[in-house]
Amino acid sequence: MLASRVFSLVGRRSISTSLCLRAHGHAGVVKAEDYTLPAYVDRRDVPLPEVAFVRDLSAQQKALKEKEKASWSALSVEEKVELYRMKFNETYAEMNKGTNEWKTVLGGALFFLGFTGLILIWQKHFMYGPIPHTFSDEWLSAQTKRMLDMRVNPVEGISAQWDFDKNEWKK
């Protein structure tokens, strides 16, 4: 019984793996992306990325790169902008431009605070019973009087603070 169960699990695993490989169109080995190569990153603290933004240049972009090697005064403003966009994705102004993400974060935080408040109100209304009678002022004063009559903790406690001759708290 155990052997048949093990063989069925192993068989299912090999079938599912081969189906996944066939479903993704892989003949055998899956090529993973090489993370040891330099990558493009737009960051303010790294002004010059290690590689250009556009790696695979089209024929028009290659011609523009050849034109770049000549005098820059011959280039139009549009061609200069296109050359810049081939090297960089964003300008510093675009990187420094604020986003409206703070509104989403604040809205989400306030939503969850409000939801938590609703849960607390629901719990107070439906889960907790009335306040026990031992919290009333009459009960607390009677309990304090009983502790004084029993002279509880006479060295440093409540009885040490009570003047039994004058029947009042010591000053």
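Among the listed pairs K67/K97; K145/K171; K67/K87, those with a Cα-Cα distance over 25 Å are K67/K97. Residues in the stretch 160-171 carry Karplus couplings, in order, of 6, 8, 9, 8, 6, 6, 8, 6, 8, 6, 5, 9 Hz; the curve used is 6.51 cos²θ - 1.76 cosθ + 1.60 with θ = phi - 60°, and Gly or Pro positions show x.
Computing the accessible area with a 1.4 Å probe over protein heavy atoms, can you report the carbon and sulfur percentage for the stretch 110-157?
69
If packing is taken as the average count of other Cβ atoms within 10 Å, what order do 76-86, 90-100, 124-134 fall into, highest mean first? Provide the component values of the computation, followed by the final result.
Details: 76-86: 12.5, 90-100: 9.5, 124-134: 7.4.
In descending order of packing, they fall as 76-86, 90-100, 124-134.
The Cβ shell under 14 Å around K65 holds other residues with a net charge of +2, Lys and Arg each +1, Asp and Glu each -1. Between amide H atoms placed 1.01 Å from N, distances below 5 Å from W162 occur with K170, all of them 5 or more places distant or on a separate chain. Each residue of the stretch 151-157 was assigned a 3J(HN,Hα) from its phi angle through the Karplus expression (A = 6.51, B = -1.76, C = 1.60, θ = phi - 60°), giving 6, 6, 6, x, 7, 10, x Hz with x at Gly and Pro. Evaluating 6.51 cos²θ - 1.76 cosθ + 1.60 at θ = phi - 60° for every residue in the stretch 113-118, the Karplus couplings come out as 5, x, 5, 5, x, 5 Hz, glycine and proline recorded as x.
The values are calculated or read from the model by the stated rules, or taken from the named source; none is laboratory data. No experiment lies behind these values; they were computed from the predicted model shown. As a convention, Cβ positions derive from the backbone with ideal geometry for all residues, glycine included, and neighbour counts pool all protein chains shown. Each accessible area value is taken on the protein alone, full model and side chains, heavy atoms only, with ligands, DNA and RNA left out. Shrake-Rupley method; radii C 1.70, N 1.55, O 1.52, S 1.80 Å.
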